[in-house]
Amino acid sequence: MIRFEDVSVTYEGAVGPTVQGVDLTVPEGELVLLVGPSGVGKSTLLGTVSGLVPHFTGGTLRGRVTVAGRDTRTHKPRELADVVGTVGQDPLAHFVTDTVEDELAYGMESLGLAPDVMRRRVEETLDLLGLAGLRDRPIATLSGGQRQRVAIGSVLTPHPRVLVLDEPTSALDPAAAEEVLAVLQRLVHDLGTTVLMAEHRLERVVQYADQVLLLAAPGEPPVLGDPAELMARSPVFPPVVALGRLAGWSPLPLTVRDARRRAGALRERLADHAPRREETAVRPAARPSGRWPRLRKERMDGTDKTPAAARVERLAVRRGRVEALRRVDLTVTPGETVALMGRNGAGKSTLLSTLVGLLEPTSGTVRVGGAVPHRTAPRELVRHVGLVPQEPRDLLYADTVSAECAAADRDADAAPGTCRALVSELLPGIADDTHPRDLSEGQRLALALAIVLTARPPLLLLDEPTRGLDYAAKARLVTVLRGLAAEGHAIVLATHDVELAAEIAHRVVILADGEVVADGPTPQIVVSSPSFAPQVTKVLAPREWLTVAQVREALGPARDAS
């Protein structure tokens, strides 16, 4: 179905090829997962299949890529549209209409399909992806995860023979991700659709792959092969594989079920150990100097003597016809990291937007430090709270990384170079003259995070902060956020990444239909939840182990538990 013949791609100004030596065949009716660190060329390789590379992106394509016999060098993307359906990392860039139903029909209209065929396929896709209740909704009012499902649905309706998906589950909650992956499996198994997918959250997808295409390092020829065999040598791998490597299991398990069957000896080794917990309270000396003492004084006139970085009481927010939040109570203290979780559209982003003053409460109260967010001037509010949005490009407007950083330093009254140092910590190897639009989705997110952190706000809000990040970049982010929490910064992150919540959150707050349905210590909440439990917890239940790092620390030097 897809044939790569000695393919290499080199972009203008690059010191070498982004991908090279690609010589392989992807058979019809298989799901092939592209695996590798950020920057190795996964998105570029996907682009060669859809024709976006080089017709849209530029650069030089050497060799040949054929899809269903069509040469992508001589066929532009529109001439491949009936064969290849593509969903990129940014769903917003994908949409051309205003409502969900119109977007699902647009691709079929472009191909001239009959109206009765279009109507049937729209209904089928609405049901497949759980979008029936959103059919008349304006796309602008949808959550990030809902938009992701609409983008996937819009390429499914024309029934392409090949699907090219770049981070298709990155904005989806665990249940929605499983639904989408189940749909993809049905397309592969029942209809013979060929799926080529890149995804950083391997814990979600690797078990569905027929083959893995491993891109281990920039410029190295990729290797196509058995998922378990390639996971043994891959520089990126999910927690269940990390646990298998630690325990010395061979072959490595790719699913929680396989790992549980082999974890008996490991559970026995861990029986006399208890998982180490991060300290949830911050010592007064660790609070950010010059800020929390003032905040503490402001709170002393109330009955609650504990300073709050944020306090929400009986909050309700309406967004058009939708009651996005109702009766929400939440208190976040200095040094605390809180993960907001819940299905797409539960109200997580709305709550963050209210905390940063972008939305006005319909009723109830919101205070951030000593400020009422929606009544505080932005230049003053950044001293209290900073938000890294789900779409990081909303914060980026300059032509280069260095210009973005210089502006951030000025806005925050920080010493020159403060923002650039944070960028280097989060995003090594990015040149000053790089245009933000030339960065990957994950790289743009890291840049936006550095810009917000430049002001060192006592309260930091992050909306899907690991979207587009590989495991190494996520580890760097975790290190930075732990350091901020240790200094007394409060952190609230809305996330579908259950592994991140397990790694970093002191508390988990679960929202459903705009209401808080659970609020408690991370182990207590996630261990009892089949949707939000991390892989290690599922393997080692009922004990409250959350991460591979906890298991490694407990086992000590004698780590072979096989």
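Where a number appears in this text, it was derived from the coordinates with a stated rule and is not lab data. Just so we're clear, the structure is a prediction, and the values are computed from it rather than from any experiment. Counting neighbours? That spans all protein chains shown, and the Cβs are built from the backbone with ideal geometry, glycine included.
Couplings for the stretch 444-454, taken from phi via the Karplus curve 6.51 cos²θ - 1.76 cosθ + 1.60 with θ = phi - 60°, read 5, 4, 5, 5, 4, 4, 4, 4, 5, 5, 4 Hz in order; Gly and Pro are left as x.
Projecting the Cα atoms of SER402, ILE152, VAL87 onto the dipole axis of the chain, where Lys and Arg carry +1 and Asp and Glu carry -1 at the beta carbon, places SER402 farthest toward the positive end.
Note on the chain: dipole from Cβ charges, positive end direction compared against VAL241, PHE532, GLY107; the farthest Cα belongs to PHE532. Under the convention that each Lys and Arg Cβ holds +1 and each Asp and Glu Cβ holds -1, the size of the dipole of the stretch 345-452 around its Cα centre is about 480 debye.
What you get for the chain, charging only the Cβ of Lys and Arg (+1) and of Asp and Glu (-1), is a dipole of about 1620 debye around the Cα centre. Dipole magnitude for the stretch 478-562: computed about the Cα centre from +1 point charges on Lys and Arg Cβ and -1 point charges on Asp and Glu Cβ, it is near 300 debye. Between the helical axis of 144-156 and the longest alpha-carbon principal axis of the chain there is an angle of about 10 degrees.
Angle of helix 471-486 to the longest C-alpha principal axis of the chain, folded into 0 to 90 degrees and rounded to 10: 10°. Take the cross-link list LYS42/LYS538; LYS76/LYS348; LYS348/LYS538; LYS42/LYS76 and give me the ones stretching past 28 Å between alpha-carbons. Flagged as over cut-off: LYS42/LYS538; LYS76/LYS348.
Between LEU387 and LEU461, the built amide H atoms are under 5 Å apart, and every one of these is 5 or more places off in sequence or on another chain.
With axes computed from alpha carbons, what is the tilt in degrees of helix 174-191 against the longest principal axis of the chain, rounded to the nearest 10 within 0 to 90? Once rounded, the angle reads 10 degrees. Positive end of the dipole of the chain (Cβ unit charges, origin at the Cα centre): among LEU330, LEU215, LEU447, the Cα lying farthest that way belongs to LEU330. Taking amide H positions as modeled 1.01 Å from N, with prolines and chain starts lacking one, the residues under 5 Å from ALA518 and 5 or more places away or on another chain are ILE510.
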